[in-house]
Every structure is written in C-alpha cells, then in structure tokens.
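J.: This structure is in structure tokens; I'll ask about it shortly.
FYI, it's all coordinate maths here, none of it is from the lab. Here the structure is a predicted model, which means the values were calculated and not measured. Neighbour counts are summed over all protein chains in view; Cβ atoms, including those assigned to glycine, are modelled from backbone coordinates with ideal geometry.
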Amino acid sequence: MNEKGNLLDIQGVSFRHTAQQPVLEDVNLTIRHGERVGLVGAIGSGKTTLLHMIVGLLKPNQGQVEILGQTRSSERDFWEVRERVGLLFQDPDDQLFCPTVQEDIAFGPLNQGKNREQTERAVRNALSLVGMEGYEDRITHHLSGGEKRLVSLATVLAMEPDVLLLDEPENGLDPVSHERIRSLLLSLPQAMIVVSHNVEFLASVTTRCLRVEDGKLKEIVV
Amino acid sequence: MSCTTHFSGHTVVHRLDPRPRVVATLVFAVLIALSGHYRVLCSGVAVGAFLAMLSKLPIRPLAKRLLRLNLFMVVLFLLIPTTSPGEPMFRLLSVPFSHDGVHLAAGITLKANAILLVFTSLLGTVELSSLGHAFHHLHMPAKLTHLFMFTLRYLDVLHHEYVTLLRTMKARAFRPAMSVHTYRTYGYLMGMLLVRSLVRSERIMAAMKCRGFRGEFHAYHHFHFHQRDAVFCLTSAIVLMLFAFVEWISGGVAR
Amino acid sequence: MHITEGVAPASVAAAGALLAAGGVALGLRAMKDEQIPRAALVASAIFVASLVIRLPLGPSSVHPVLNGLAGVLLGWAAMPAFLVALFLQALLFQFGGITTLGINTVTMGFPAVACYYLFSRRIRESKKGREAFLLGVAAGVTALTLSFVLWAGSLILSGKQLAIIVKLSLLPHLAIVTIEGIFTGFIVGFLARVYPKAFEMPHIIKTRSDP
C-alpha cells in the first residue's frame, strides 16, 4: 500500500435509519497514516454509526467509502477491511463472548487464517500490549469493567490492524484504568479515530478533533 | 427490528375481542382436522380466504407463508401418490399416481391451507400481549400465561443482543463456514446469550421482589365485549355448526 | 422436525395433545412462580437461536433445535417452555401448526426431559470443560435422536404412506444430529466453565413443588 495514500476516504456519505431525519448527511472524512482523530458529539448524533459504516456493518444510503485505497460497497469488499481495521465497541460485553480471555483474543487471528503458533504469539503480544499478562485463562464474564475494556482492546490489537476505531474507550472507567488506556493509546503507532465525550481525554490522545452535529462533521479546536 | 410482529391493522377483525377469536380458531381447527369430506374442507378454505380478505392481511407476507406451506404440499403430492399402493387414478410420465395417495395428499393440503388462513386472520392479527391477556381470561393456567408473556417480552431483547454480538464478531472478520471453528463460535455466542439471560432473569426476579412480588401475578388488563363481538360469536357458531352438520350427514368414509 | 398442519389425523393429534397436556401440567407443577423468568428467558434464547442461527452444512445450513440443552437447563419446565415456543413459532412463522401443537410439544419436550434425567447431574458434577463438552454432545445427540423417533412414529401413525418421508429424511437427519451434538457440546462446555450455576436449578427440576 502506498504510504502516502489515504487510509480512509469518505466522500458525500449519508445515512438514515428510516425515511425521516438522516443520521449523517453528506459527510466527508479523510484519515492519513499516523493521524489520530477525535470525534465528539451528543448521544445519537451518529458517531457510532460512522464507525460502523467504515467497517461495513452499516451501509450508507449515499456516498462513497474508500478504505485502504479501494472503494468498498459489497459485504465481500469489507471482509478485507475488517481484517485490517480494528473496531473497539462501546460496550465490552458486546465484544467478549468466549469463555476465556485467551480464546476471545484468538478469535480474530483465527478468522484471519493464522495458524496455531502465530495465534498464540498474537495472544501473548496483545495481552502484554495492554499490560494484562497472566490473564490468559481467566473467564471473561467474571472480569471487572476496566479489565473487560482492556481485554476487548487486546482482541482488536491481536489482529494487528492498520487503523483503530475506538468507540468511547475510556467511558465508565475508574481513574487508574482510565490512565492506563490513555498511556496505552499514546504508545500505539496506528492511525485511529477515537470517539469520546471527554474532551480533555481526546486532547491528550489525538492530533485533531471533529464534532458531529446535525448530521455534519465540523473541525473543532480543543 | 423485531421478530415478534403481528399483522397490525384497523379492520373489523382487528377490533374484535381476542377471546372469542381464540375459541373460534381452536374449534375451527379441530373440526377441519376431523373432517374427511372435500365439501367441508373446501368451505373451510373459503372461510379462511374470506377472513383473510376481511382482515386485509398484507399480501406479501401472507403469500410467503402460503408458499412455504404449499411447497411442502407439492412434495407430498409427488411422493405419496407415487409410492403408496392401490388403484392408479392417473399416470404422469407413465408414473402411476394412486387413488388413495392423491386423496390423502389433497386432504392434507386443504386442511393445512384452511387452518393457516383462519389462524393467521383471527390470531395473527392480535397484538401478542393481548393474546396473553386473552389466555388469562380464558382461564389458561396462570403460570403458563405468565411464561408466555415473559417469553414474549424477552424475545426481541435477546434477538437484539444476538444481532449485536454477531455484529462484533463480523467486525473481527468472522465468516461462517463448515468448520469446527464456526460451530464453536456459534456455540460460545449462544452460551454467552444464555449466561446473560440467566443473570438477567435473576435481576428481573430481584426487581420484581423489590416491587412487592410475593409469588402471585395480578392481571389488570380487561376486555370489553361489544355488539360486534356478539355478532362474531353468533356467526362463527352458525358456521361451525354448519360444518359439523355437513360432516355428519355426509357420513363416514366417503370423500 | 415439525409435523405440519393438516398432516396428523384427529386420533394422532388428540393423542399428542393429551400427552402434551400431561407433560405440561407436570412441568407447571415443578416450576415455581419465581422460576418463571428463568424458564422464559431460556425459552426465548432457544427460540431466537433456532430461528436465526444457521449452522453451515455443505452448501446448505441447518437450524439448531437445542431441546437437549433446554432439558438439561429446565428439567420438566422444558415442557411448558416448548409449548409456548412452538405456539409462537406456529403463530409468527407458520412452523408446525395449531392442530399439531400437541404432537410437536411431545416430540420436542419429552426428549428434553429425558436429557435432564440422563445428563443434568453429570454435567453439574463434571470437573473439566472437556467432560462437560462431551456430555453436552451426548445430550444434543440423544435429544434429537429421540425427537426424530417420535416424529417418525407420529408420521407413520398418521398414515403408512407417509413413511416415505421418514425414509427420505433419515440421511439428512444423521448430519443434523451430528451438528446439533457438536453445537450443544460447545454451549454446555461454555456454561460449565463460565456459569456453572446454570445447571443448578434445585427447585425447578423437581416434580414436587415443595422444597
């Protein structure tokens, strides 16, 4: 892939759940290598919708989605996207579904077709990245909120994505876990879009910020 | 997104009291199932078609249901007459279709369509929770009614949870295939859904206790019996008795 | 594995209804009021799964039935749970039917109860995930095989000519039973590791309502 090209280029995208009020209207967004973009906006303003559209979980009613240098529209187009763009869901309970931490983290790499050895390595690396070594055999269902969040992040990192889409990664965490997530994000090399309600947090982890309002994206200074 | 939608509408059928609708549907189904005469079965299909029109069932979903049912019936028509012994009624591509087999398949097809049409028109048009209340007022065992209502209440919640989990799995590049990995993944997904359901059922019970639940549910939903309901009861009674009468005068085995 | 509307003659339908009524009555007696949410949630979960999960099988796919799982989790309460689920399936999706509701409840419910007696305690006492997995496989296979036998029996009782359907579906059912077993195994293994409490329903599974 061309290192200078755009990782992500969205042009004139609109999305509506029903015929009425559109969620997003004529939105443009470009993300380059190494860029870290913060996304703020009221609840229901379309932040999560935008992230889900990038990985093809939702399809726009209008507009063009270009990711990793190719236009993507069909479900099949997004198969590759999902292997290279990691989405962290808002609620870790939506993300974790395997009995143990280890199995959950291995799920993505296995879907990518990695063999047993590579998968084991990916699990170890991901756990050490989020500072959760030794959690391999813990039952995900029994983890605390902060631990669940870190493990969800590990499940995404284990796939070694080029881009990270993080939906409120720090929301509802105690101060210690909060700080851990913050320094972890700062240490990651990937380009990322971070959704949050916490402007201070965004200012410390991102390079620029956008506000979603009335279906549009607006550049803001934080 | 819902998996528990009924055929809503504002026709006279929709406005009828659900209780007589439940009773009429059951009696109709039993009579049709018992019947062995084409005139009764055909009248049954006619009654069903009439009710379907009266309740203005949406064409597409109804056609889908009818199609699904009748695809199976086509299989019956091809299988049963060609494999059962007896006098052939006719030959198709020199394959004999037996007399008895054709009658059996035809009887089943008519019964199934008649019951489907009446069932869908009369009960498919009741909002599901009203149906629960109707069961309650028809003196179905209380626990069964509550089980019905609770099941109904959580179907959409669980369906939503399932869709959400599946979506996060897709985001992690999951693509179903015929493999142990796929079966395991679905197994874990279902396991997680169950764990959450069980935990939730404990919370529900706790919340119910906090609001004074002591092992007894109190119904507060009541139905009103209007003149149109009386008309419906009378009409159905006449039609159903007519069916029984025709069945009786037509005698035993004859078709 | 449903008997479709219209297929069963009155005698078979009535016998099915009677048997189902007896089983449901026992189930209702066993189920305490405060266990209703639990039975309902398990019923909902299984209903949703049997509706939307498609397990790939060759070029096609099969829906899970999960009556073995229901039995292991609910005991006798699986009877009313299946009655409700099958009624809703008939009403909402036209699977099965209203006159065959009894037969279908028997077909699904009794094998579930059998699995409760055969496997529930062993799963509860199983020490390792692998053991629970294997017991789950056994429960899934047993329940669905019994269901197949009951289904085939009621079809043949409904008309000797219908035996051809049984013959033709024998092979596909072998594949379905295998996949159901594996699937149930993974679910039971999951529950045994993550939430062993799932198998501890001290009251719901007794036929007597008093502790």
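J.: Under 10 Å, Cα contacts only: if you run a Gaussian network model on chain C, which one of C:LEU26, C:LEU150, C:LEU91 comes out with the highest mean-square fluctuation?
T.: Checking each option, the largest mean-square fluctuation is seen for C:LEU91.
J.: Only Cα pairs within less than 10 Å get springs; with that Gaussian network setup on chain B, which residue of B:ARG60, B:ARG175, B:ARG19 has the largest fluctuation?
T.: The residue that fluctuates most here is B:ARG175.
J.: Would you be so kind as to identify which of A:VAL194, A:THR71, A:LEU96 lies farthest towards the positive end of the dipole of region A:6-220, taking Lys and Arg as +1 and Asp and Glu as -1 on Cβ and the Cα centre as origin?
T.: Going by the Cα projections, it comes out as A:THR71.
J.: A further question follows. So for the pair C:ALA175, C:LEU26, with labels modelled 7 Å out along Cα→Cβ, what separation do we get in nm?
T.: 3.5
J.: Please report B:TRP248, A:TRP79 as a ranked list, fewest other C-beta atoms within 10 angstrom at the top and most at the bottom.
T.: B:TRP248, A:TRP79
J.: Give the order of A:VAL221, B:VAL231 when sorted by the count of other beta carbons within 10 angstrom, beginning with the fewest.
T.: On the way: A:VAL221 6, B:VAL231 12.
The fewest-first ordering by Cβ neighbours comes to A:VAL221, B:VAL231.
J.: With a 10 Å cut-off between alpha carbons and a GNM built on chain C, which of C:ALA112, C:ALA132, C:ALA90 moves the most?
T.: C:ALA90
J.: Report ³J(HN,Hα) in whole Hz for each residue of region C:83-91, in order, from the Karplus equation J = 6.51 cos²θ - 1.76 cosθ + 1.60 where θ = phi - 60°; Gly and Pro get x.
T.: 4, 5, 4, 6, 4, 5, 5, 5, 5
J.: Between B:HIS139 and B:SER94, how high is the FRET efficiency from 1/(1 + (r/R0)^6) when r is the Cβ-Cβ distance and R₀ = 41 Å? Nearest 0.05.
T.: Details: r = 58 Å, r/R0 = 1.41.
The computed FRET efficiency comes out at 0.10.
J.: So how strong a dipole does chain B carry about its Cα centre when Lys and Arg Cβ are +1 and Asp and Glu Cβ are -1, to the nearest 20 debye?
T.: Values: 26 positive and 10 negative charges, 217 e Å.
Its charge dipole is roughly 1040 debye.
J.: For the residues B:PHE72, B:PHE223, C:PHE133, B:PHE245, what sequence is obtained by ranking on other C-beta atoms within 10 Å, fewest first? Present the calculation step by step, with values, prior to reporting the outcome.
T.: Details: B:PHE72 17, B:PHE223 14, C:PHE133 24, B:PHE245 11.
In order of increasing Cβ crowding within 10 Å: B:PHE245, B:PHE223, B:PHE72, C:PHE133.
J.: I would also like to ask the following. Can you give the longest run of chain C that contains no trypsin sites (Lys or Arg not before Pro) sitting in a DSSP loop with at most 13 other Cβ atoms inside 10 Å?
T.: Working: sites that count: C:ARG54, C:LYS127, C:LYS128, C:ARG208.
No qualifying site falls inside C:129-207, the longest such stretch.
J.: Taking the Cα centre of region B:139-210 as origin, sum charge times position over the Cβ atoms of Lys and Arg (+1) and Asp and Glu (-1), and report the length of that vector in debye to the nearest 20. Walk me through the numbers on the way to the answer.
T.: Working: 11 positive and 3 negative charges, 38 e Å.
Here the size comes out at about 180 debye.
J.: Suppose the chain between B:VAL246 and B:GLU87 were pulled fully straight at 0.36 nm per residue; how much longer would it get relative to their current alpha carbon spacing? Walk me through the intermediate numbers first.
T.: Numbers: separation 159, 0.36 × 159 = 57.24 nm, distance 2.82 nm.
Result: 54.4 nm gained on full extension.
J.: Do you know the Lys pair count in region A:6-220 for C-alpha distances under 28 Å, with sequence separation 8 or more or different chains? Spell out each step's value before the answer.
T.: Values: A:LYS47/A:LYS59; A:LYS47/A:LYS148; A:LYS47/A:LYS216; A:LYS47/A:LYS218; A:LYS59/A:LYS216; A:LYS59/A:LYS218; A:LYS114/A:LYS148.
Close lysine pairs under the 28 Å cut-off: 7.
J.: Mind putting a number on the dipole of region C:10-199 about its Cα centre? Charges go on the C-beta only, +1 for Lys and Arg and -1 for Asp and Glu, and I need it in Debye to the nearest 20. Please list the in-between numbers first.
T.: Details: 14 positive and 5 negative charges, 90 e Å.
Here the size comes out at about 440 debye.
J.: Hey, got a sec? Which GluC sites (Glu not before Pro) in region A:133-222 land in a DSSP loop and have at most 14 other Cβ atoms within 10 Å? Numbers along the way, then the final one.
T.: Working: sites: A:GLU133, A:GLU136, A:GLU147, A:GLU170, A:GLU179, A:GLU200, A:GLU213, A:GLU219; in loops: A:GLU133, A:GLU136, A:GLU170.
Passing sites in region A:133-222 are A:GLU133.
J.: Something else about it: With the dipole of chain A worked out from charges on the C-beta (+1 for Lys and Arg, -1 for Asp and Glu) around the Cα centre, which of A:GLY12, A:ILE220, A:GLY145 lies farthest toward the positive end?
T.: A:GLY12
J.: Something else now. Cα to Cα, under 25 Å, and not fewer than 8 places away if on the same chain: which lysines meet these conditions relative to B:LYS143?
T.: Within the straight-line cut-off, B:LYS143 pairs with B:LYS209, C:LYS32, C:LYS197, C:LYS206.
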